1. Tally time: how many residues in segment 45-100 are within 13 Å of the ligand (Cβ to nearest atom), assigned to a loop (DSSP other than H, G, I, E, B) and within 30 Å of GLU212 (Cβ to Cβ)?
2. Within segment 137-148, is there a residue that is among the small types (Gly, Ala, Ser), within 10 Å of the ligand (Cβ to nearest atom) and touching a residue at least 12 places away in the same chain (Cβ under 8 Å)?
3. In segment 108-136, what residues are assigned to a loop (DSSP other than H, G, I, E, B), within 16 Å of LEU165 (Cβ to Cβ) and within 7 Å of the ligand (Cβ to nearest atom)?
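All of the numbers you see were taken from the coordinates with simple rules; none came from a lab. Everything quoted here is computed from the prediction, not taken from an experiment. Backbone-built Cβ (ideal geometry, glycine too); neighbour counts: all protein chains shown.
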Amino acid sequence: LLTWLTVTGGAVHPSAFDYAAPRDVPSALSLLANHEDAKVLAGGQSLIPMMKLRFARPGLLVDLGRIRELGSVVATDAGLALGAMVLEAELADCPETARYGAVRDAAKVIADPLVRNSATIGGNLAHGDPENDQPAVMVALGANLVAHSPRGERTVPADGFFQGLYETALAEDEILTEIRLPAPADRSGSGYVKLRRQVGDFAIAAAAARVELAGAVVGDCALLFTGLGTTPVRVAANELLQGEEPRVEVLRRAAARAVDGLEIGDHGAYPADYLRRVAPRVAFDALTSATFRARGDYAEN
Ligand SMILES: Cc1cc2nc3c(=O)[nH]c(=O)nc-3n(C[C@H](O)[C@H](O)[C@H](O)COP(=O)(O)OP(=O)(O)OC[C@H]3O[C@@H](n4cnc5c(N)ncnc54)[C@H](O)[C@@H]3O)c2cc1C
């Protein structure tokens with residue numbers, strides 16, 4: 001494989017495929033159901049590179065780009081409903097995401113503007129790539145993912161959706177259609193902080209945090225890491241912070257203890273020892289930013 005990649009420069013043409021661009025979800029589902037080797041195309045930012053390397057060889061691409069209902073962003077008192085085809089660039093600064101700090105933070109650090117203008121939230125989640133940024137955020141915020149198949153509609157909690165390396169709860173014939181985020185509680189905030197080698201890179205390690213205040217102390221919180229495992233890695237954050245006043249020393253201590261007991265393996269070029277040292281840094285920053293937002297200390301949430 002290495003010789004082949006060297007000779008070809010890793011950039012070859014995809015194998016031949018058919019293409020369809022249905023205008024509604026039922027038509028897309030029927031195309032998927034009737035073609036064994038069909039695959040959904042969203043922004044193409046992960047799928048097309050994989051096809052060029054021939055790691056994926058779909059016989060039919062079902063492009064979701066013309067299904068208008070999948071591009072909607074709706075904020076209500078109950079929460080935020082994101083169509084699966086909403087772009088990362090839109091999430092980064094549309095008014096509807098203002099109360100969902102971690103979603104905006106993550107969208108802003110995904111790759112570069114070119115990628116963010118094509119990459120979709122649904123593709124980011126459905127791909128099941130452990131390096132993607134939105135999965136940890138969605139688990140931290142308690143999102144529910146809506147999937148459609150010929151059998152109907154079902155809702156899967158984000159916590160449980162990511163099952164392994166490029167493995168999610170989605171069946172081959174299912175389409176992720178919507179992501180539902182519950183409305184943030186009063187005096188709550190969230191943040192996502194990513195350590196990367198340079199702008200545009202995937203995370204070395206990153207953390208998603210949600211903090212809900214009850215009076216002067218933490219009432220409820222969540223903390224998840226990206227980059228420390230094949231799925232988002234959850235920390236028992238309430239055991240570390242619930243009932244505590246979230247002062248800087250308290251958050252720093254909780255972040256340091258967040259990696260205790262976690263099984264951390266090497267991640268690409270980064271050895272486990274290094275990850276164990278940098279993970280508390282991103283955890284502290286994410287917890288701090290979530291706490292500031294919960295207190296209303298940020299002008300822009
Ligand atoms: C240079 C570069 C840098 C990147 N850096 C980052 C980064 O730092 N952080 C990050 O999070 N991501 C990064 N990405 C990945 C990017 O965010 C991807 O676009 C994203 O992971 C996939 O979204 P997409 O819309 O492009 O999906 P596609 O590439 O079209 O699809 C990806 C997979 O998901 C499936 N799929 C897509 N949508 C659905 C759906 N609605 N229902 C069912 N299955 C579906 C497809 O069939 C395919 O298997 C990077 C990509 C590039 C090219």
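1. 2
2. The first filter runs over segment 137-148 and keeps only residues among the small types (Gly, Ala, Ser), leaving 140, 142-143, 147.
The next check asks that each one be within 10 Å of the ligand (Cβ to nearest atom); those that pass are 147.
Keeping just the survivors that are touching a residue at least 12 places away in the same chain (Cβ under 8 Å) gives 147.
Yes: one or more hits.
3. Start the filter on segment 108-136 by keeping residues that are assigned to a loop (DSSP other than H, G, I, E, B), which leaves 109-112, 117-119, 127-133.
Keeping just the survivors that are within 16 Å of LEU165 (Cβ to Cβ) gives 127-132.
Correct list: HIS127, ASP129, GLU131, ASN132.
Residues checked against (1) under 22 Å from ASP133 (Cβ atoms); (2) in contact with a strand residue (DSSP E or B) (Cβ under 8 Å, 6 or more places away or on another chain); (3) hydroxyl-bearing (Ser, Thr, Tyr):
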site: LEU213; (1), (2), (3): no, yes, no
site: GLY229; (1), (2), (3): yes, no, no
site: ARG234; (1), (2), (3): yes, yes, no
site: GLU239; (1), (2), (3): no, no, no
site: GLU245; (1), (2), (3): no, yes, no
site: VAL248; (1), (2), (3): no, no, no
site: ARG257; (1), (2), (3): no, no, no
site: ALA269; (1), (2), (3): yes, no, no
